[in-house]
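Okay, structure first, notes after.
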Amino acid sequence: MKNLGNMLKQAQQMQSRMAEMQAKLESTEVEGQSGAGMVKVRLTGKGDLRRISIDPSLMVADDREVLEDLIVAAHADAKQKVEATMAEEMQKATAGMSLPPGLKLPF
């Protein structure tokens, strides 16, 4: 029964840490870029798009496909950074917890 009490206490601690992590991710913003910084995309920690910045030199009608590709690449860069931030925060939230072998969070 002592182990059950410890597990419940750990679960409560983890729940509290997860709530803190969610709040932090909501206020965190990351920037991805492509084309040597000519296109920048800003996402929240939850993946919501906040801003796109495009260098004026890319605003040429003939280069529309290039611009579209750069926007996609900048978004992918920002998304990768969001995922890395989430993984780092998850690791902090579960630090010191004795989870069963093979159990990974989030489920």
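Quick grid of which residues meet (1) at pLDDT 95 or above; (2) over 20 Å from the mean Cα position of the chain (by Cα); (3) surrounded by 12 or more Cβ atoms within 10 Å (Cβ to Cβ):
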{"residue": "GLN33", "(1), (2), (3)": "yes, no, yes"}
{"residue": "THR44", "(1), (2), (3)": "no, no, yes"}
{"residue": "MET59", "(1), (2), (3)": "no, yes, no"}
{"residue": "ALA73", "(1), (2), (3)": "yes, no, yes"}
{"residue": "ASP77", "(1), (2), (3)": "yes, no, yes"}
{"residue": "ALA84", "(1), (2), (3)": "no, no, no"}
{"residue": "THR94", "(1), (2), (3)": "no, no, yes"}
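List every residue pair whose Cβ atoms sit under 6 Å apart, with the two residues 6 or more apart in sequence or on different chains, where the first one lies in segment 38-52 and is touching a residue at least 12 places away in the same chain (Cβ under 8 Å) and within 13 Å of VAL82 (Cα to Cα) and the second, anywhere, is of a type in the set (Gly, Ala, Ser) and surrounded by 14 or more Cβ atoms within 10 Å (Cβ to Cβ).
The qualifying pairs are VAL41/GLY32; VAL41/ALA74; VAL41/ALA78; LEU43/ALA78.
Would you confirm, using the coordinates I've provided, whether SER34 is of a type outside the set (A, V, I, L, M) and in contact with a helix residue (DSSP H, G or I) (Cβ under 8 Å, 6 or more places away or on another chain)?
The answer is yes for SER34.
Taking interchain pairs and intrachain pairs at least six residues apart, which have beta carbon atoms under 6 angstrom, with the first residue in segment 2-24 and under 13 Å from ALA95 (Cβ atoms) and the second of a type in the set (Gly, Ala, Ser)?
ARG17/ALA93; MET18/ALA93; MET21/ALA93
Have a look at LYS81, LYS46 and point out the one that is in contact with a helix residue (DSSP H, G or I) (Cβ under 6 Å, 6 or more places away or on another chain) and among the basic types (Lys, Arg).
LYS46
The values are calculated or read from the model by the stated rules, or taken from the named source; none is laboratory data. Everything quoted here is computed from the prediction, not taken from an experiment. Glycine gets a Cβ as well: all are built from the backbone with ideal geometry, and neighbour counts include every protein chain shown.
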